[in-house]
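So the structure is just underneath, and the comments pick up after that.
The values are calculated or read from the model by the stated rules, or taken from the named source; none is laboratory data. Keep in mind it's a predicted model, so treat the numbers as computed, not measured. Reconstructed Cβ throughout: ideal geometry from the backbone, glycine too, with neighbour counts over all protein chains shown. For accessibility, only protein heavy atoms count, side chains too; no ligands or nucleic acids. Shrake-Rupley method; radii C 1.70, N 1.55, O 1.52, S 1.80 Å.
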Amino acid sequence: MVAVVGVVGTLLCALLTQRAADRSRRREREHTEQVRERRGHTQELHAWADAQGVPGRAVLPGTVAATGAGALADRGVRRIYHAAVAVSRAGTNDYDVLPSDVTRATSRPLAVLAEEHARFLPPLRSVCLPLLGSGRGGLPYAVSLAAVWAAVEAESARGAGWDVHFVVRTPESAAQVERIPAGIRPAPDRRAAR
């Protein structure tokens, strides 16, 4: 009886060890694939910068680089439109952001989306926007939202029917986005803009 329990225990231990090793190898393969996807995404941006003649240099606000989704493809993202919105302040780690730059940096990706949407099956139909310039750029959330929304409205007036979603990181920015009634431009919060 003791010998049977010992043999069964030894076999179960080997089986469990093998399963753990298989899981570990699978996780390592998945991680390697994610790293490859990220590198591919970064290589797309480098190739874009080389093609535009701006490798290692700043680009003007509103400049757009369209790339694949990289690792975000696992979450249903199919395209990323990288939009320049800020101008770095020489000799510092700070940025200058103007509301007009935010509007430009929102409208140009929407224009590229309009050009590209039919090339995909199913066609691209939604866009997720951050409150550009409201982080390190220093714009109040209400000012950023008004500038982003101005571009969205202008694109809607041209007949684009995108589903627009906003990415927010703070309760304050979420409160600004929640103030948007369907189809109505948000009024900037004058207290926040001061």
**Message:** Given points 7 Å out from each Cα along the Cα-Cβ axis, report the A58 to D74 separation in nanometres with one decimal.
**Reply:** 3.5 nm
**Complete:** To the nearest Å², the heavy-atom accessible area per residue of region 56-185 with 1.4 Å probe amounts to 56 Å²
**Message:** Could you give the length gained by full extension between C128 and R26, i.e. 0.36 nm per residue of separation minus their alpha carbon distance, to one decimal place?
**Reply:** 33.5 nm
**Fill in**
Diffing region 117-125: the Karplus 3J(HN,Hα) column from phi (6.51, -1.76, 1.60, θ = phi - 60°), in whole Hz with x for Gly and Pro, holds 4, 6, 6, 10, 10, x, x, 5, 9
**Complete:** Fraction of alpha-carbon pairs in region 39-125 farther than 19 Å apart, rounded to whole percent, equals 49 percent
**Prompt:** Do any chymotrypsin sites (Phe, Trp or Tyr not before Pro) in region 69-121 lie in a loop, going by DSSP, with at most 15 other beta-carbon atoms within 10 Å of their beta carbon, and if so which?
**Reply:** F120
